[in-house]
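**Student:** Before I ask anything, here is the structure I am working with.
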């Protein structure tokens, strides 16, 4: 097979990989914020539910979560297609790690900010969304960026439940053409480029968000 | 669908098989961590070399390994290395891949641990005319190890949780065993759930163990002799 053909098949796979990232990332962010805030502010029973979710998804392996959702849920009468299983498993997994990012960033906002906002008689929701969160967000960006890269890497697991992502296409091509060196080399390069693109984007975002905070940011 | 109910008899039947496979998982993790620690130290020390070219190339090697998926690296080692005349068993490939991948992560831990040692310590070692080897062995590493323990431990737990990916190159670890049992009996519920629970138990135990190691470790450092 010619090199150009190989690259074009792999590009199709890369599109699927990017689609999965694009769907799982919002889910992960949603889970991270909701359970991160529940973990911090909700009444105890809700907190405990959050802890169970976080510990379960961080304590077991992502691949097993994926298999469990894909192979075991049908036994409970819930049949979902491979793509949904992939997005749900990866989103919940990365989201569980994200809760700790949200929690850590909120807790790292200096205590004086809370005290000042209480002194100025802000309501508790104004305090959270107008004072604490804008500052916490800047702190969240770098660790969330790392998680986004982890997500891109984790999408390779979906190839094992037969989704035609980049890794799946590579494995398929390797089995049929035996040109393993070029194929896996190109695939590694593709993932690397995606990660570098994320790194670049995250730095821009960080610079943008840290404007007006009086701390300059890393790259401004 | 024989579905929803949990079959205890079947659970007890497959439990010993999964425990046997757990030994392979733990062996891969153990050997992988040893290799990762060695690789991490090598990368970290090379990052401090005097040659700028070497420093920059190691930076990109580490960056490349860290930002590409372990699964693809496993495939690469398993399928491409034989082209260069290096054929390895699934276990050896797994240990090599895990070690390289997490060695890249650990190099950053070790690097910041070494950077955390005060400048005065280096200067004092220099003033006492210690060799580079002695400086690292007797002065720097003994002080740097304790702060490195939590992060190193977390990466080893993370590595443990990535060992199921080795099932993709037919290593008979826990997940592969569960998959085989599942496809032979058409029941995935019990084997997969058991494996999940075992992972949870092992990682919680390991987290506790690492905390204990860190607590017992003398704050003032210790002699490597």
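**Student:** Of everything in region A:189-209, what is farther than 22 Å from residue A:66 by Cβ and facing chain B (nearest Cβ under 10 Å)? Give them in sequence order.
**Tutor:** A:189, A:192, A:193, A:196, A:199
**Student:** Looking at B:191, B:164, B:218, can you tell me which residue is over 16 Å from residue B:10 (Cβ atoms) and buried (at least 21 other Cβ atoms within 10 Å of the Cβ)?
**Tutor:** Values: B:191 fails: over 16 Å from residue B:10 (Cβ atoms); B:218 fails: buried (at least 21 other Cβ atoms within 10 Å of the Cβ).
Sole residue among the options that is over 16 Å from residue B:10 (Cβ atoms) and buried (at least 21 other Cβ atoms within 10 Å of the Cβ): B:164.
**Student:** In this structure, is residue B:43 crowded, with 20+ Cβ neighbours inside 10 Å, within 11 Å of another protein chain (Cβ to nearest Cβ) and at pLDDT 95 or above? Don't jump to the end; show me each part of the working.
**Tutor:** Values: crowded, with 20+ Cβ neighbours inside 10 Å: yes; within 11 Å of another protein chain (Cβ to nearest Cβ): no; at pLDDT 95 or above: yes.
The answer is no for residue B:43.
**Student:** Given the conditions (1) assigned to a helix (DSSP H, G or I); (2) out of contact with any helix residue (DSSP H, G or I) (no Cβ under 7 Å at 6 or more places or on another chain); (3) surrounded by fewer than 15 Cβ atoms within 10 Å (Cβ to Cβ); (4) within 11 Å of chain A (Cβ to nearest Cβ), report the number of the one that residue B:81 does not fulfil.
**Tutor:** Tallying (1) assigned to a helix (DSSP H, G or I); (2) out of contact with any helix residue (DSSP H, G or I) (no Cβ under 7 Å at 6 or more places or on another chain); (3) surrounded by fewer than 15 Cβ atoms within 10 Å (Cβ to Cβ); (4) within 11 Å of chain A (Cβ to nearest Cβ), residue B:81 fails exactly one: (3).
**Student:** Is it true that residue A:89 is under 17 Å from residue A:158 (Cα atoms), within 14 Å of chain B (Cβ to nearest Cβ), at pLDDT 90 or above and surrounded by 15 or more Cβ atoms within 10 Å (Cβ to Cβ)?
**Tutor:** Spelling it out, residue A:89 is indeed under 17 Å from residue A:158 (Cα atoms), within 14 Å of chain B (Cβ to nearest Cβ), at pLDDT 90 or above and surrounded by 15 or more Cβ atoms within 10 Å (Cβ to Cβ).
**Student:** Tell me whether region B:129-137 contains one or more residues that are within 10 Å of chain A (Cβ to nearest Cβ) and more than 20 Å from residue B:42 (Cα to Cα).
**Tutor:** Within region B:129-137, not a single residue is within 10 Å of chain A (Cβ to nearest Cβ) and more than 20 Å from residue B:42 (Cα to Cα).
**Student:** In addition: In region A:47-68, which residue that is facing another protein chain (nearest Cβ under 10 Å) and over 16 Å from the mean Cα position of the chain (by Cα) is farthest from residue B:184 (Cα to Cα)?
**Tutor:** Per the criteria, the residue is A:55.
**Student:** Starting from region A:158-170, keep only residues that are within 11 Å of another protein chain (Cβ to nearest Cβ), then list their pairs with residues that are assigned to a loop (DSSP other than H, G, I, E, B) whose Cβ atoms are within a distance under 8 Å, requiring at least 6 positions of separation or different chains.
**Tutor:** Taking only residues 6 or more apart or on different chains, the pairs are A:158/A:165; A:159/A:165; A:167/B:69; A:168/A:162.
**Student:** Select from region B:95-121 the residues that are out of contact with any helix residue (DSSP H, G or I) (no Cβ under 7 Å at 6 or more places or on another chain) and either part of a helix (DSSP H, G or I) or crowded, with 19+ Cβ neighbours inside 10 Å (or both) and list them in ascending order.
**Tutor:** Result: B:108, B:112, B:115, B:119, B:120.
**Student:** Next question, about the same structure. Return yes when residue B:69 is more than 14 Å from every other protein chain (Cβ to nearest Cβ), touching a helix residue (DSSP H, G or I) at 6+ places or on another chain (Cβ under 9 Å), under 25 Å from residue A:178 (Cβ atoms) and modelled with pLDDT of 95 or more and no when it is not.
**Tutor:** It is false that residue B:69 is more than 14 Å from every other protein chain (Cβ to nearest Cβ), touching a helix residue (DSSP H, G or I) at 6+ places or on another chain (Cβ under 9 Å), under 25 Å from residue A:178 (Cβ atoms) and modelled with pLDDT of 95 or more.
**Student:** Specify the residue that is nearest to residue A:1 (Cα to Cα); the eligible residues are those in region A:178-188 that are facing chain B (nearest Cβ under 9 Å) and touching a residue at least 12 places away in the same chain (Cβ under 8 Å).
**Tutor:** So, considering only residues that are facing chain B (nearest Cβ under 9 Å) and touching a residue at least 12 places away in the same chain (Cβ under 8 Å), the one nearest to residue A:1 (Cα to Cα) is A:183.
**Student:** Would you please name the residue that is nearest to the chain's Cα centre (by Cα), looking only at residues in region B:1-18 that are touching a residue at least 12 places away in the same chain (Cβ under 8 Å) and assigned to a helix (DSSP H, G or I)?
**Tutor:** Across region B:1-18, the extreme among qualifying residues is B:18.
**Student:** Something else: Mind telling me which of the residues B:206, B:151, B:178, B:144 ends up being closer than 26 Å to residue B:31 by Cβ, at the interface with another protein chain (Cβ under 9 Å from one of its Cβ atoms) and outside any loop (DSSP other than H, G, I, E, B)?
**Tutor:** None of the other options fit; the residue is B:178.
**Student:** Here is a follow-up. I'm checking my understanding of the structure. Among residues of region A:72-86 that are within 14 Å of chain B (Cβ to nearest Cβ) and under 22 Å from residue A:153 (Cα atoms), which one is surrounded by the most Cβ atoms within 10 Å (Cβ to Cβ)?
**Tutor:** In this case the residue turns out to be A:86.
**Student:** Checking residue A:146 against (1) more than 8 Å from chain B (Cβ to nearest Cβ); (2) modelled with pLDDT under 95; (3) in contact with a helix residue (DSSP H, G or I) (Cβ under 7 Å, 6 or more places away or on another chain): exactly one of these is not met. Which one?
**Tutor:** (3)
**Student:** To continue, here is another question. With respect to residue A:32, is the statement that it is in contact with a helix residue (DSSP H, G or I) (Cβ under 6 Å, 6 or more places away or on another chain), within 30 Å of residue A:132 (Cβ to Cβ) and part of a helix (DSSP H, G or I) true?
**Tutor:** Judged against the criteria, residue A:32 is a match.
The values are calculated or read from the model by the stated rules, or taken from the named source; none is laboratory data. Quick caveat: nothing in here was measured; it's all calculated off a predicted structure. Don't worry about glycine lacking a Cβ; one is built from the backbone with ideal geometry, like all the others, and counts go over all protein chains shown.
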